[in-house]
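Colleague: Handing you a structure now.
The values are calculated or read from the model by the stated rules, or taken from the named source; none is laboratory data. Remember, predicted model here, so these are calculated numbers, not experimental data. Glycine also receives a Cβ, built like all others from the backbone with ideal geometry; neighbour counts cover every protein chain displayed.
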Amino acid sequence: MIKAKSLITRIEEVVSSFCLSAMIVIISVQVFRRYVLQSSLDWSEELARYFFIWAVYIGCSFATKEDRHLEVTILRHVNKGKWAKPITTIAYSLTIIFCGLVTVWGTQMVFFLINTGQKTQALEISMFWIYIAIPLGMGLMCLRTCERLWLLLSGKIDPLGGLG
């Protein structure tokens, strides 16, 4: 189980990093070609956008694992942290529900795109390759949030931040 979790973490890290790096390279080449060579690429902006989408959705799961999502913590610190655990439990539960619903909707959307055969405009690849990032990323984020909720309820992480 730990090896599988470690492998998933590594894959998330590599995919997100690769997508961000590829996006930077593609945009840099496009800027160079457009302003220096006076000849732009037809497909570069579209591909950079798709790499960005993948980096965001896969990165969301990785950020959850690393506890790096932005959050408003003022309610947790009111009353010297007395309500921190219930508020964090509610927040994690709502996140799980949201991620679960988006995973289901995203999966339905992917099957719809497979059935309709829609393709991207410039690259002419199947749209489901772009949309599959949604259920994949949100499903992984849902699992990561379930893990964080379990760690919170078992007392292994502190709701005021960090490991317990």
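Colleague: Within the range 47-55, identify whether any single residue is over 17 Å from A122 (Cα atoms) and within 24 Å of the chain's Cα centre (by Cα), and answer yes or no.
Modeller: yes
Colleague: Counting only residues that are of a type in the set (G, A, S), over 16 Å from G137 (Cβ atoms) and out of contact with any Lys or Arg (no Cβ under 9 Å at 6 or more places or on another chain), how many does the range 58-90 have?
Modeller: We begin by selecting, within the range 58-90, every residue of a type in the set (G, A, S); these are 59, 61, 63, 81, 84.
Pick out the ones that are also over 16 Å from G137 (Cβ atoms) and you get 81, 84.
From what is left, the residues that are out of contact with any Lys or Arg (no Cβ under 9 Å at 6 or more places or on another chain) are 81.
Count: 1.
Colleague: Testing V72 on (1) touching a helix residue (DSSP H, G or I) at 6+ places or on another chain (Cβ under 7 Å); (2) at pLDDT below 90; (3) among the aliphatic types (A, V, I, L, M); (4) within 30 Å of T103 (Cβ to Cβ), one condition comes back false. Which one is that?
Modeller: (1)
Colleague: Which one of these is within 19 Å of M141 (Cα to Cα) and touching a helix residue (DSSP H, G or I) at 6+ places or on another chain (Cβ under 9 Å): S44, S17? Before you say what the answer is, go through the steps one by one.
Modeller: Working: S44 fails: within 19 Å of M141 (Cα to Cα).
So the residue among S44, S17 that is within 19 Å of M141 (Cα to Cα) and touching a helix residue (DSSP H, G or I) at 6+ places or on another chain (Cβ under 9 Å) is S17.
Colleague: Just wondering, is there one or more residues in the range 40-47 that are hydrophobic (A, V, I, L, M, F, W, C) and part of a helix (DSSP H, G or I)? Let's see the steps before the verdict.
Modeller: Narrowing the range 40-47 to residues hydrophobic (A, V, I, L, M, F, W, C): 41, 43, 47.
Adding the requirement that they be part of a helix (DSSP H, G or I) leaves 47.
Within the range 40-47 (the criterion being hydrophobic (A, V, I, L, M, F, W, C) and part of a helix (DSSP H, G or I)), the answer is yes, since at least one residue qualifies.
Colleague: Kindly provide the set of residues from the range 70-117 that are over 27 Å from F128 (Cβ atoms) and not in a helix (DSSP H, G or I), ordered by number. Show your work before the answer.
Modeller: From the range 70-117, those over 27 Å from F128 (Cβ atoms) are 70-94; that's our starting set.
The answer is L70, E71, V72, T73, K82, W83.
Yes or no, residue by residue, for (1) over 19 Å from F51 (Cα atoms); (2) hydrophobic (A, V, I, L, M, F, W, C):
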position: T103; (1), (2): yes, no
position: Q118; (1), (2): no, no
position: L123; (1), (2): no, yes
position: F128; (1), (2): no, yes
position: L153; (1), (2): yes, yes
position: L160; (1), (2): yes, yes
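Colleague: For the range 29-51, name all the residues that are of a type in the set (F, W, Y) and either touching a strand residue (DSSP E or B) at 6+ places or on another chain (Cβ under 8 Å) or exposed (fewer than 14 other Cβ atoms within 10 Å of the Cβ) (or both). Give the steps one after another, and end with the answer.
Modeller: First, pick out the residues of the range 29-51 that are of a type in the set (F, W, Y): 32, 35, 43, 50-51.
Those that are of a type in the set (F, W, Y) and either touching a strand residue (DSSP E or B) at 6+ places or on another chain (Cβ under 8 Å) or exposed (fewer than 14 other Cβ atoms within 10 Å of the Cβ) (or both): F32, Y35.
Colleague: Something else: Answer with yes or no whether A133 is modelled with pLDDT of 95 or more and either under 30 Å from L41 (Cβ atoms) or among the small types (G, A, S) (or both).
Modeller: Numbers: modelled with pLDDT of 95 or more: yes; either under 30 Å from L41 (Cβ atoms) or among the small types (G, A, S) (or both): yes.
In short, yes.
Colleague: Let me ask something else about it. So the check is Cβ under 8 Å with 6+ separation or different chains; which pairs have a first residue in the range 34-52 that's under 11 Å from C19 (Cβ atoms) and a second one that's hydroxyl-bearing (S, T, Y) and part of a loop (DSSP other than H, G, I, E, B)?
Modeller: Y50/T120
Colleague: Among the residues of the range 118-157, which ones are in contact (Cβ under 8 Å) with a residue 24 or more places away in the chain, outside any helix (DSSP H, G or I) and of a type outside the set (A, V, I, L, M)?
Modeller: T120, Q121
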